Ligand code: SAH
């Protein structure tokens, strides 16, 4: 790829190149349903010459990409063979330095547990322009599918978004402290990447939250494959195991879910289907 765009751009690729030389956009692809992409995300994807795709991104969103765009899959799931983060950062920098209009497509919103903080730092250090395009984060997609708000004047004055998967060597979240805070301040708990540590999360949260605190587990939120289970906090791990639920799941915990408590699993499934 040439470093300078041509004086008179004559192809879509050249036009995209001409408009935005050497930049990286971190773009949220939403939780799964491709209709949840923002218009800004669609436009940014269409203008990209190189697209780096994370593994939770629904490939259907690539229908908006230019036919000449180079698509690179850089998925990396905890515990699986993956593209190292340092390699992804180097690739973004080198492509942008060559003049490419790089889009890094991430599941949900790029600012929520997407390692965007590290990427923004690396790109800025290399002198690369960075743009952020928001997406709908998984928990909000999941809550919408259940017709449930994340806050409520009577039950939830705010939200704590927490990861269940700490960096290796990091002791991770103090779940007991979190449970006390959530109870005292009336906060909804939204846990990402919580499946593997669900038993410990449940045991620790029970030190501060009531056993009958409502929980919703939503897997593959907003996709046709979505599954969900309702339970109480003392049955979180058991429910995950019995329903054979696996990553990607969000765990939604708190009184804001009480409105669903009277419904059976079949009724909740019906509700979720009706929202899609
Ligand atoms: N940036 C993403 C989160 C990335 S971390 C966002 O804003 O949604 C990856 C975790 O997100 C998964 O382990 C899971 O907890 C959650 N997740 C992503 N997509 C999901 C989906 N469709 N359904 C349920 N959880 C999902």
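The values are calculated or read from the model by the stated rules, or taken from the named source; none is laboratory data. The structure presented is a predicted model; accordingly, all values stated were derived computationally and were not measured. Cβ placement follows ideal geometry from the backbone for every residue including glycine, while neighbour counts extend to all protein chains displayed.
Restricted to region 231-244, and to residues that are under 30 Å from residue 61 (Cα atoms) and touching a helix residue (DSSP H, G or I) at 6+ places or on another chain (Cβ under 9 Å), which residue is nearest to the ligand (Cβ to nearest atom)? Quick ask: steps written out before the conclusion?
First pass over region 231-244, keeping only residues under 30 Å from residue 61 (Cα atoms): 240, 243-244.
Subset that is touching a helix residue (DSSP H, G or I) at 6+ places or on another chain (Cβ under 9 Å): 240, 243.
Values: 240: 12, 243: 14 Å.
The selected residue is 240.
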- Note on the structure: Flagged pairs (Cβ under 7 angstrom, 6 or more apart or on separate chains; first in region 210-225, free of Cβ contacts under 8 Å to residues at least 40 places away in the same chain; second near the ligand (Cβ under 9 Å from one of its atoms) and part of a loop (DSSP other than H, G, I, E, B)) are 219/226; 219/248
- Within region 108-140, which residues are under 18 Å from residue 91 (Cα atoms), part of a helix (DSSP H, G or I) and out of contact with any strand residue (DSSP E or B) (no Cβ under 6 Å at 6 or more places or on another chain)? 117, 118, 119, 121, 122, 124, 125
- Within region 167-181, identify whether any single residue is more than 23 Å from residue 111 (Cα to Cα), surrounded by 21 or more Cβ atoms within 10 Å (Cβ to Cβ) and more than 16 Å from the ligand (Cβ to nearest atom), and answer yes or no. yes
- Message: Please pick out the residue among 96, 65, 46 that is surrounded by fewer than 16 Cβ atoms within 10 Å (Cβ to Cβ) and in contact (Cβ under 8 Å) with a residue 12 or more places away in the chain.
- Response: 46
- Please state which one of 188, 148, 222 is crowded, with 18+ Cβ neighbours inside 10 Å, in a loop (DSSP other than H, G, I, E, B) and more than 15 Å from the chain's Cα centre (by Cα). 148
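Do we find that residue 85 is free of Cβ contacts under 8 Å to residues at least 60 places away in the same chain, touching a helix residue (DSSP H, G or I) at 6+ places or on another chain (Cβ under 8 Å), within 16 Å of the ligand (Cβ to nearest atom) and not assigned by TED's automatic domain parsing to the domain that holds residue 196 in this structure?
On the way: free of Cβ contacts under 8 Å to residues at least 60 places away in the same chain: yes; touching a helix residue (DSSP H, G or I) at 6+ places or on another chain (Cβ under 8 Å): yes; within 16 Å of the ligand (Cβ to nearest atom): yes; not assigned by TED's automatic domain parsing to the domain that holds residue 196: yes.
Yes.
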- Message: Being in contact with a strand residue (DSSP E or B) (Cβ under 7 Å, 6 or more places away or on another chain) and without any contact (Cβ under 8 Å) to a residue 40 or more places away in the chain is the filter here; which residues of region 228-247 pass it?
- Response: 229, 230, 231, 232, 233, 236, 239, 243
- Residue within region 245-263 that is in a helix (DSSP H, G or I) and within 16 Å of the ligand (Cβ to nearest atom) present: yes
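Any residue in region 248-257 that is touching a residue at least 40 places away in the same chain (Cβ under 8 Å) and over 16 Å from residue 191 (Cα atoms)?
no
Go over the candidates 236, 251 one by one and state the one that is more than 22 Å from residue 112 (Cα to Cα) and crowded, with 22+ Cβ neighbours inside 10 Å.
Details: 251 fails: more than 22 Å from residue 112 (Cα to Cα).
Step by step, each of 236, 251 is checked, and only 236 is more than 22 Å from residue 112 (Cα to Cα) and crowded, with 22+ Cβ neighbours inside 10 Å.
How many of the residues in region 143-157 are away from the ligand (no atom under 16 Å from the Cβ) and at negative phi? Full working, then the answer.
Residues of region 143-157 away from the ligand (no atom under 16 Å from the Cβ): 147, 149, 151-157.
Checking the rest, the ones that are also at negative phi come to 149, 151-157.
Qualifying residue count, region 143-157: 8.
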- Item | Among the residues listed as 123, 111, 140, the single one being buried (at least 19 other Cβ atoms within 10 Å of the Cβ) and within 11 Å of the ligand (Cβ to nearest atom) | 140
- Note on the structure: With the first residue restricted to region 170-194 and required to be assigned by TED's automatic domain parsing to the domain that holds residue 207, and the second required to be modelled with pLDDT of 95 or more and in a helix (DSSP H, G or I), Cβ contacts under 6 Å at 6 or more apart or on different chains are 175/201; 175/204; 175/205; 176/204; 179/205; 189/182; 190/139; 194/201
